[in-house]
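Notes for the one structure printed next.
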Amino acid sequence: MNAPAPEPAAAPVILLVSGDHLDVLTEQFHRYEREYDVRAAASAAAANAVLKEARRAGQPVALIVTESQLPDEQMLMAMHDWRALVPTARRLVVIPITRFGEESNSLRPYLQKGKFDTYLVLPQGRRDEEFHYAVTEMLSDWGATVATSEVDSVRIITPEGLPLALAIRDFLDRQGMPHRSYLPDSPQGEEALARLDGPPSYPLVHMTSGVFADRPVLMPTSTRELGAMIYGRPSDIEVDTVVDLAVVGAGPAGLAAAVYGASEGLSTVVIESEVIGGQAGTSSMIRNYLGFPRGISGQRLGQRARTQAIRFGARFFTGWPVVDLVPGTDGAPHVLVTEGGEVHARSVLVAAGVAYRRLGIAALEELVGAGVNYGAAMTAAREMEDRDVYVVGGGNSAGQAAVHLARFARSVTILIRREDLAETMSRYLIDEIAWNPRIDVRPCTEIIDGGADDAGQLGWLQLCDVRTREEERVSAGGLFLLIGAAPHCDWLPAAVQRDQHGFVLTGRDVPTECWVDGLPPANLGTCVPGIFAAGDIRSGSMKRVASASGEGASAVSLVHGYLEQLRVPTAP
C-alpha cells in the first residue's frame with residue numbers, strides 16, 4: 001500500500017554517463033532539471049557511486065543515459081551492474097553518429113534481450129525533439145509503473161491490506177487517474193470521513209479535483225461499481241435513441257471499432273464491464289505492436305484509443321456488464337440489457353474478450369487480492385519488492401508480466417506444464433527472460449495447493465512435477481495467474497452460435513443451416529444479421545493485440561454494409 005503521503009525527500013535521479021560527450025548530454029538535459037535531479041558521471045565507476053548513494057538515501061532513479069563506449073568498463077557490463085543496483089530505472093544508450101551504423105548493429109541483439117530499453121543517436125544540436133520524444137516516453141512509462149503519484153486528485157482511504165483497495169488502485173492506474181492511498185487516521189482520511197453522513201465502509205474513494213470533485217465520498221463495493229459511479233449509466237441515453245453501432249467490450253478490438261465507427265459518422269456506444277483496455281490493458285509493455293518501436297504499455301494503449309474514440313464522438317459506459325442481448329427482427333434494433341439500463345442499436349459488435357481461467361484451488365482463491373492475482377495486476381507489482389514471486393502461464397502476457405515483476409521482486413519463477421516456452425511465447429520475450437538473472441523458468445510443473453502466512457497474505461505454494469508427481473513446498477510472496485482464456489459470452493442468445501469451447505462462430509465457421517442462399521455470413525458476421533464478433537472472443541482468432549485491433553476496424557466496414565441493406569427496401 002502507498003505510504004501515508006510523505007513528501008518525497010528528493011526528485012528522481014536522471015544519471016548521464018559519458019567519457020567524451022558528457023558536455024553534450026548535460027546541455028541536452030538542462031530542460032529536465034526543474035523536475036529531476038540530473039547528475040553526471042564521467043565513468044562507469046563514478047556512475048556506480050552515484051547510484052549507490054541514491055539507493056542509500058532512498059532516492060528513486062528514473063533514467064540512466066549512457067554513451068555506448070565508456071573509458072573504464074565495457075558498457076554492457078556496466079549496464080548489468082546498474083540494473084542490479086536500480087532495477088526499476090529505465091536504461092538508454094546513446095551512440096555518436098560517427099559510430100551509429102556499426103554499433104547499432106552490434107548492440108541490436110542485446111536490445112532484443114532486454115539488456116537496455118533503447119538506443120538513440122547522440123543529439124547533434126539544440127532542440128533534437130525526436131531524441132527528447134523518446135526520453136519523455138521513457139520517463140512517462142517509469143512514472144506510470146514505478147513512481148508514487150505526486151498528485152492526489154483521487155484519494156483512497158483505507159486500512160492496510162484490503163484486497164478491494166488494491167483492486168481499486170489497479171483500476172485507477174489503468175484508467176490513467178492520478179491517485180494516492182491514505183490511512184483513515186491521516187489528515188486526508190479524516191477530511192474524507194468528515195464528509196460522510198454515516199459510518200464508513202472501507203475503502204473510501206474521495207475525488208478532490210477535476211470533473212468529479214463535486215461528488216461525495218464514494219464507498220464502492222467493487223471496481224465495477226466504482227466505474228459505474230464515475231462514468232454514468234447506459235440509461236443516460238435517451239429512451240427513443242437508436243445508435244448505429246453498440247460495441248460490447250473495450251479491449252483492442254472494441255476500441256478499434258469505436259475509433260473507426262465514430263470517425264466514419266456512425267453513432268457509437270461502447271459498454272465495458274470492467275476497465276478500458278481489456279486484458280491487453282494489464283500488459284506492462286507490448287513491444288511487438290506496429291508503430292511503437294520502444295514498446296507501449298497496454299494501459300497507455302487503451303487510454304490513447306479511448307481518447308481518440310471520444311474525440312470522434314463515441315460514448316463509453318464502464319462498469320456495466322451486459323446481461324442479455326435481445327436480437328431485433330425484420331430490421332428492428334437489437335437491445336443490449338444491463339443493470340444500468342438498455343441500449344438499442346441497429347448493429348452490435350461483440351468484443352467482450354476473454355478472462356484468465358481460474359486455478360480452482362479453494363485455498364488460493366480465498367487469497368485473491370492478498371498476494372494472489374489473476375492477470376498482470378500492474379499495481380500489485382509494486383508490492384512485490386524483495387519477495388519471491390511465481391507466474392503461471394506460458395503466453396506473451398505471462399512473459400511480459402514476469403519481465404515487469406523482475407524490476408521489483410527478488411526472484412520471479414515462471415511455472416509451465418510444457419517442456420519449454422517455445423510453442424507459446426514470442427522469441428523476443430523468451431530471449432529477454434533467458435538473460436534476466438532474476439527470472440527462472442520451471443517446466444513441467446503445476447500448483448496443487450497453497451496457503452497464507454500469519455498476516456493473512458500468500459505465504460506458500462505446493463508445487464508438483466507433472467511427470468513424476470514429486471511435490472515440493474516453496475515460500476511465495478506473490479502469485480500471478482495467466483492461464484488460458486475463457487470467453488465472456490454467457491449473456492449471448494442461443495441464436496449466436498458458439499464452438500465447443502464457448503467462442504463465437506463467425507463467417508464460414510457458422511453451421512450451414514445459418515447460411516442464406518447457400519452463402520455464409522461475412523467473415524466477422526454471426527448467425528444473427530447485424531451482430532458481429534471480433535477479437536479474442538471469436539472462434540479461431542489469433543489472440544494478439546494487433547489482430548484484435550484489425551478485426552475491430554474491419555468489422556466497421558461490415559456494419560456499413562449491413563446498415564445500407566436496412567436502408568434499401570426489400571424487392572417484392
The chain - share of DSSP beta bridges that are antiparallel (%, nearest 5): 35
Assigned charges on the beta-carbon of Lys, Arg, Asp, Glu; region 362-483 dipole about Cα centre (debye): 340
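Can you tell me how the chain classifies by the Cα gyration tensor, rounded, prolate or oblate, using a/c under 1.5 as the rounded cut? It would help to have the intermediate numbers written out before the result.
Details: a/c = 1.58, a/b = 1.49, b/c = 1.06.
Prolate, since a/c reaches 1.5 and a/b exceeds b/c.
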Prolate/oblate/rounded label for region 379-503 (Cα gyration tensor, a/c 1.5): prolate
For the chain, with +1 on Lys and Arg beta carbons and -1 on Asp and Glu, the positive-most of ALA46, ALA355, GLY518 along the dipole: ALA46
Eligible aspartates and glutamates near LYS52 by straight Cα distance, threshold 19 Å, same-chain separation 8 or greater: ASP37, ASP72, GLU73, ASP81, GLU385, ASP386
Region 483-523-region 326-400 distance, computed between alpha-carbon centres (Å): 21
Mean separation of Cα contacts under 8 Å, 6 or more apart, over the residue count of the chain: relative contact order %: 11
Signed unit charges on C-beta, dipole axis of the chain, positive-most listed residue PRO252, MET425, ILE448: MET425
Calculated log₁₀ intensity ratio I(q)/I(0) where the Debye formula runs over C-alpha points of region 218-262, q = 0.17, 0.21, 0.23, 0.24 Å⁻¹: -0.68, -0.90, -0.96, -0.98
Nitroxide proxy distance, nm - points 7 Å out along Cα→Cβ at ASP81 and ARG55: 1.2
Region 154-220 - charge dipole about Cα centre, Lys and Arg +1 at Cβ, Asp and Glu -1, debye rounded to 20: 200
Relative pair counts by distance (%), Cα atoms of region 154-220, 10 Å bins: 22, 59, 19, 0
Estimated FRET transfer efficiency when R0 is 22 angstrom, pair THR329-SER222 (beta carbons, to 0.05): 0.05
Positive-end extreme of charge dipole, the chain - chosen from PHE131, LEU164, ALA194 (charges on Cβ): PHE131
GluC sites (Glu not before Pro) within region 396-485: DSSP coil, no more than 14 neighbouring Cβ in 10 Å: GLU419, GLU423, GLU470
Cα gyration tensor category, rounded, prolate or oblate, for region 13-145 with a/c compared to 1.5: rounded
Dipole magnitude of the chain, debye to nearest 20 (Cβ charges: Lys/Arg +1, Asp/Glu -1, about Cα centre): 820
Cross-link partners of LYS543 among lysines (Cα-Cα below 24 Å; sequence separation of 8 or more within a chain): LYS113
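Each value in this text was obtained by applying a stated rule to the coordinates, not by laboratory testing. These numbers were taken from a predicted model, which means no experiment stands behind them. Here Cβ is always computed from backbone atoms with ideal geometry, including for glycine, and neighbour counts include all displayed protein chains.
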